[in-house]
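One structure is given here, and the rest of the page talks about it.
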Amino acid sequence: AGEARRCLLQRLTVGAELLALDSHGCAALGAALVDSGLTEEVLSLARRLAEGPNMLVEMACLRHGQRAVKEVLDLLEGQELDSAHRQLAAGAGRLHTSRYGKVVARNLAIKASRRIDLDVVLRNQQAC
């Protein structure tokens, strides 16, 4: 079963751009991104989705896309996560025009405020 899942994840990664433009495709991507023990393949799929220009924004505006975007953001770290957040922030106007995009925009704002709060706390600790 592990090899079949690995093969499926590789094929989903190759066709990620097409799948990401369809609500049902996003449902499949979201399910595939849930931890399967195949960390490398899942991370490769998440990176592929985050690389596409405005891909996360377009996905976030689809019915099942918001789950897939959440999974991508949960998997990425460091500069890749920052880049994904910038992509979503740049598409905020589009997100706010979509029923599903609004959910992603709201979650992004909450995470950003928590991050700013954490930065302030860390700066205050360093000043002491």
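Residues of the range 66-82 that are among the polar types (S, T, N, Q) and surrounded by 21 or more Cβ atoms within 10 Å (Cβ to Cβ): Q66 alone.
If you go through the range 10-42 and pick out every residue that is crowded, with 21+ Cβ neighbours inside 10 Å and more than 15 Å from the chain's Cα centre (by Cα), you end up with 1.
With respect to (1) under 24 Å from H96 (Cα atoms); (2) part of a helix (DSSP H, G or I); (3) in contact (Cβ under 8 Å) with a residue 24 or more places away in the chain; (4) of a type outside the set (V, I, T), the lone exception for A32 is condition (1). Checked against (1) open to solvent by 70 Å² or more (accessible area, probe 1.4 Å); (2) touching a His at 6+ places or on another chain (Cβ under 8 Å), H96 passes all but a single condition, namely (2). Does A50 fit the bill of being aliphatic (A, V, I, L, M) and in contact (Cβ under 8 Å) with a residue 24 or more places away in the chain? The answer is yes for A50. Evaluated against (1) surrounded by fewer than 15 Cβ atoms within 10 Å (Cβ to Cβ); (2) assigned to a helix (DSSP H, G or I); (3) among the basic types (K, R), R63 falls short on exactly one condition, (2). Got a sec? Which of R67, R6, R63 is closer than 25 Å to T97 by Cα, more than 14 Å from the chain's Cα centre (by Cα) and modelled with pLDDT under 95? Of R67, R6, R63, the one residue that is closer than 25 Å to T97 by Cα, more than 14 Å from the chain's Cα centre (by Cα) and modelled with pLDDT under 95 is R63.
The values are calculated or read from the model by the stated rules, or taken from the named source; none is laboratory data. Predicted model only: the values in this text are computed from it and were never measured. Neighbour counts run over all protein chains shown; Cβ positions are idealised from the backbone, glycine included. With ligands, DNA and RNA removed, areas are computed over all heavy atoms of the protein, side chains included. Shrake-Rupley method; radii C 1.70, N 1.55, O 1.52, S 1.80 Å.
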